Amino acid sequence: MDSKRRQLITGISLAGAGVLINACRAKQGSSGTATNENPKNEAPKTGEEERLEVTATEDLMREHGILRRALLVYQESVVKLRQDAASVPPDALEKVANLFRVFGEDYHEKKLEETFIFPTVKKAPGVAASYVDVLLEQHTRGREITDYVLAITKADRIASNSVQPLAKALESFVRMYEHHAAIEDTVIFPAWKTATGQAELDSLGEKFEEIEQEQFGDDGYETALKRMEEIESSLGLSNLGMFTAPAPPK
Ligand SMILES: [Fe+2]
Ligand SMILES: [Fe+2]
């Protein structure tokens, strides 16, 4: 199955029709000035509230929220794969891998982090710069694993000799990205914000907006979120309460 067909199946497209990310980034004000890091105080018009209040770094972290939900699906799938591989529909995993590819790897990582965030952080003083090389290595490894997951899940069923390798690959992917995103949220993005400064952040906000429109069109974040919720629902993972920890021993 080629990538375009895969994207159609998941409802995600690289250009236009899939419409993934738009709303996750603050939009330009009527003056043409991006408002990412400079939320306006005046009351927004109906439907604009969220756009005006989300800053560039909040956007990046919110994108991580979508990706973390994908990781949680992988994590739960690993448990199911090991208990009863037949209970894991390959197409659900394929949809997660596609979402991670289009939203995470091709947009969040490639278009934002690798193009704008990492080069700035790499040149900035402080500890953040020392993380950049390993974060890039992890992006590369993540793409290799996503390729693998897509290859394994294109079949109607997961071959029995692929169950354990797939479970291991997903497990290591989750572990890597949990650490990866935590460092980005707490070290990299704050360092980028500090190194960039308000005026350039606003200018970059405009640039990000252009990239986002090129990639996805409108309502991207909401579409990604909806897609994630559909996948969770199809796997019986929608009920947050089922993850409440049991009471500790008395
Ligand atoms: Fe990253
Ligand atoms: Fe990231």
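The values are calculated or read from the model by the stated rules, or taken from the named source; none is laboratory data. The shown structure was predicted, so the numbers you read here are calculated from the model rather than taken from an experiment. Using ideal geometry, Cβ is built from the backbone for each residue, glycine included, and neighbour counts are taken over all protein chains shown. Just the protein is used for accessible areas: all its heavy atoms, side chains included, with ligands, DNA and RNA removed. Shrake-Rupley method; radii C 1.70, N 1.55, O 1.52, S 1.80 Å.
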| note | By residue number, the members of region 153-190 that are hydrophobic (A, V, I, L, M, F, W, C), out of contact with any Phe, Trp or Tyr (no Cβ under 9 Å at 6 or more places or on another chain) and touching a residue at least 40 places away in the same chain (Cβ under 8 Å) are Ala155, Ile158, Val163, Ala167, Ala181, Phe189
| query | What are the residue pairs meeting all of these: first residue in region 100-114, first residue under 15 Å from Phe173 (Cβ atoms), second residue open to solvent by 10 Å² or more (accessible area, probe 1.4 Å) and part of a helix (DSSP H, G or I), Cβ atoms under 6 Å, and 6 or more apart or on different chains? | reply | Gly104/Leu67; Glu105/Arg143
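State whether one or more residues within region 8-21 are open to solvent by less than 60 Å² (accessible area, probe 1.4 Å), at pLDDT below 90, over 29 Å from Arg157 (Cα atoms) and away from ligand 2 (no atom under 16 Å from the Cβ).
Looking for residues that are open to solvent by less than 60 Å² (accessible area, probe 1.4 Å), at pLDDT below 90, over 29 Å from Arg157 (Cα atoms) and away from ligand 2 (no atom under 16 Å from the Cβ), one finds at least one in region 8-21, hence yes.
So that you can scan it fast, the table gives a plain yes or no per residue for (1) away from ligand 2 (no atom under 13 Å from the Cβ); (2) open to solvent by 10 Å² or more (accessible area, probe 1.4 Å); (3) closer than 30 Å to Ala56 by Cα:
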position: Arg101; (1), (2), (3): yes, yes, yes
position: Asp133; (1), (2), (3): yes, yes, yes
position: His139; (1), (2), (3): no, no, yes
position: Asp147; (1), (2), (3): yes, yes, yes
position: Ala151; (1), (2), (3): yes, yes, no
position: Lys154; (1), (2), (3): yes, yes, no
position: Ile158; (1), (2), (3): yes, yes, no
position: Ala182; (1), (2), (3): no, yes, yes
| remark: Of those in region 34-70 that are within 16 Å of ligand 2 (Cβ to nearest atom) and among the polar types (S, T, N, Q), the residue modelled with the lowest pLDDT is Thr55
| request: Output the number of residues of region 160-180 satisfying the condition of being within 16 Å of ligand 2 (Cβ to nearest atom) and either within 16 Å of Lys95 (Cβ to Cβ) or not hydrophobic (A, V, I, L, M, F, W, C) (or both). | output: 6
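Among the residues of region 206-221, are any among the aliphatic types (A, V, I, L, M), crowded, with 16+ Cβ neighbours inside 10 Å and not in a helix (DSSP H, G or I)? Spell out how you get there, then give the answer.
Going through region 206-221, the residues among the aliphatic types (A, V, I, L, M) turn out to be 211.
Now drop any that are not crowded, with 16+ Cβ neighbours inside 10 Å, which leaves 211.
After this cut, where a residue has to be not in a helix (DSSP H, G or I) as well, the list is none.
Among the residues of region 206-221, not one is among the aliphatic types (A, V, I, L, M), crowded, with 16+ Cβ neighbours inside 10 Å and not in a helix (DSSP H, G or I), which makes the answer no.
Table: residues versus (1) more than 19 Å from Ser172 (Cβ to Cβ); (2) β-branched (Val, Ile, Thr); (3) open to solvent by 30 Å² or more (accessible area, probe 1.4 Å); (4) at pLDDT 95 or above.
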{"position": "Leu72", "(1), (2), (3), (4)": "no, no, yes, yes"}
{"position": "Val78", "(1), (2), (3), (4)": "no, yes, no, yes"}
{"position": "Ser87", "(1), (2), (3), (4)": "yes, no, yes, no"}
{"position": "Thr120", "(1), (2), (3), (4)": "yes, yes, yes, yes"}
{"position": "Ala129", "(1), (2), (3), (4)": "yes, no, no, yes"}
| task | Starting from region 136-152, take each residue that is within 16 Å of ligand 1 (Cβ to nearest atom) and list its partners that are not aliphatic (A, V, I, L, M), counting only C-beta distances under 6 angstrom and pairs at least six apart or across chains. | result | Gln138/His180; His139/Glu109; Arg143/Glu105; Ile145/Phe173; Thr146/Phe100; Thr146/Arg101
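Here is a list: Ala199, Ala224. Which entry is open to solvent by less than 50 Å² (accessible area, probe 1.4 Å) and either under 20 Å from the mean Cα position of the chain (by Cα) or more than 18 Å from Phe100 (Cβ to Cβ) (or both)? It would help to see each step written out before you state the result.
Numbers: Ala199 fails: open to solvent by less than 50 Å² (accessible area, probe 1.4 Å).
Answer to the selection: Ala224.
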